[in-house]
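Contents: one structure, followed by commentary.
The values are calculated or read from the model by the stated rules, or taken from the named source; none is laboratory data. All values derive from a computational prediction rather than experimental measurement. All Cβ positions, glycine included, derive from the backbone under ideal geometry; neighbour counts span all protein chains shown. Each accessible area value is taken on the protein alone, full model and side chains, heavy atoms only, with ligands, DNA and RNA left out. Shrake-Rupley method; radii C 1.70, N 1.55, O 1.52, S 1.80 Å.
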Amino acid sequence: MKRTILSALVALVAITLSAQSLRFSKSGKFKIVQFTDVHWIAGNPASDIAGERMNEVLDAENPDLVIYTGDLIFGAPAKEGYMKALEPVLKRHLPFAVTFGNHDDESGMSRSELLALLRTLPGNLSSTTEGISGVSNYVLTVASSSVKGNDAAVLYFFDSHSYTSIEELKHYNWIQPDQIAWYTSLSNGYKAANGGTPLPSMAFFHIPLPEYNEAVCNENAQMMGYRGEAACSPKINSGLFAAMRSQGDVIATFVGHDHVNDYLVNWRSIALCYGRYTGGGTVYNHIPGGNGARVIELTEGSRSFHTYIRIAGGKIINEITYPDDFQPKN
């Protein structure tokens, strides 16, 4: 455990030094665009609509950070596909972060090789934490707009892996206990540095937690957005949601994986959110309104966020302020 915590702290220092550009604006805002499931196949014209939508969204939003929550590619050659999927952020010189999905390493490059590629690209903030399961486990902080050197928000990235080798539990793997211990140790560190108060935090990964299904199947849960399929989550619940709820810092999780879901469900005071399918016609994508992206805007000093989906033609749907829109109405 001591070695894991040390590795986490070393990674924390490295990422903090590389992410100084992430800062709340003078007005106290920080905007994220989440792209998910781009599923780019190099040379396949069916991918082009993904590029069109990403360019349209970025022109409209001009975000402070772009986050890709997995499955950027869906065919070889992997490097060419990755470069095309990232081209919209690269040409705009935007900071970006990637967490891997279950398909990213199926086209000729391993997760470690893909991370090495990402690290050569300008604007990349993706990293890894040695000594724990998976590759795309790391953390980014958003600095205060006014207090120099102070972190005001935390963004956790988890590698949700791909497939389990346990036959009776197939199909999808789960976030492992050592990853949860890594998160908990970092969360405690940020809390201690903030005078004992948890910093507002968000978590990003690809495969949804079992709680996504648990929440939408509960008649008392509040859901907004579109649900076109059951969450394809692991059959094992390894306890990440419970750890986040216990730590009291994470206000929302954001995933992809399921192409016809874009909902947000309020579950035990954590918002369980999907992004919007961003890809083109290379895989199933029959979500009403077509592909798009989720936009997330944080407010400094607040455990809340504003979010919506942007789709073709500049149309905005599913606009939500969390948690205000889930409070009982008088």
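The share of Cα pairs per 10 Å bin across the chain, counted from zero up to the longest distance, runs 6, 28, 38, 23, 4, 0 percent. About its Cα centre, the dipole of the chain is roughly 880 debye, where the only charges are +1 on Lys and Arg Cβ and -1 on Asp and Glu Cβ.
Computed over protein heavy atoms with a 1.4 angstrom probe, the accessible surface ordering of H103, H286, H93, H206, largest first, is H93, H286, H103, H206.
Maximal additional length on extending the N44-A193 stretch stands at 48.7 nm, based on 0.36 nm per residue less the C-alpha distance.
Grab the beta carbon distance between R92 and N218, set R0 = 56 Å, and tell me the FRET efficiency rounded to 0.05.
Plugging the Cβ-Cβ distance into 1/(1 + (r/R0)^6) gives 0.85.
Among the chymotrypsin sites (Phe, Trp or Tyr not before Pro) found in segment 241-298, those both in a DSSP coil and sparsely packed, with 14 or fewer other Cβ atoms within 10 Å of their Cβ, are Y284. Kirkwood's formula applied to the C-alpha pairs of segment 237-330 gives a hydrodynamic radius of 14.6 angstrom.
Just to confirm a number: summing +1 for Lys and Arg and -1 for Asp and Glu over residues other than E61 whose beta-carbon lies under 9 angstrom from that of E61, what do you get?
Neighbourhood net charge equals +1.
Each listed q (0.14, 0.15, 0.21 Å⁻¹) maps to a log10 I(q)/I(0) for segment 25-145 from the Debye sum over equal C-alpha point scatterers, namely -0.58, -0.66, -1.23. Over all orientations, segment 113-153 has a Cα convex hull whose mean projected area works out to 4.0 square nanometres. Note: relative contact order over segment 79-169, using C-alpha pairs below 8 Å and six or more positions apart, is 26 percent. If R0 equals 51 Å, the separation of the Cβ atoms of S25 and K170 corresponds to a calculated FRET efficiency of about 0.65.
DSSP loop (so not H, G, I, E, B), at most 16 other Cβ within 10 Å: list which trypsin sites (Lys or Arg not before Pro) in segment 292-330 pass both filters.
Details: sites: R294, R303, R310, K315, K329; in loops: R303, K315, K329.
The qualifying sites are K315, K329.
When you filter the trypsin sites (Lys or Arg not before Pro) in segment 23-93 for DSSP loop state and at most 10 other Cβ atoms inside 10 Å of their Cβ, you are left with K26, K91.
In this rough spin-label picture, where each label sits 7 Å from Cα along the Cβ direction, the R245-V283 distance is 2.9 nm. Considering only G281, L90, S201, the residue lying farthest towards the positive end of the dipole of the chain is S201, judged by Cα position with unit charges set on Cβ. Under the convention that each Lys and Arg Cβ holds +1 and each Asp and Glu Cβ holds -1, the size of the dipole of segment 182-312 around its Cα centre is about 120 debye. Once you reduce segment 188-228 and segment 114-187 to the center of their Cα atoms, the two points are 15 Å from each other.
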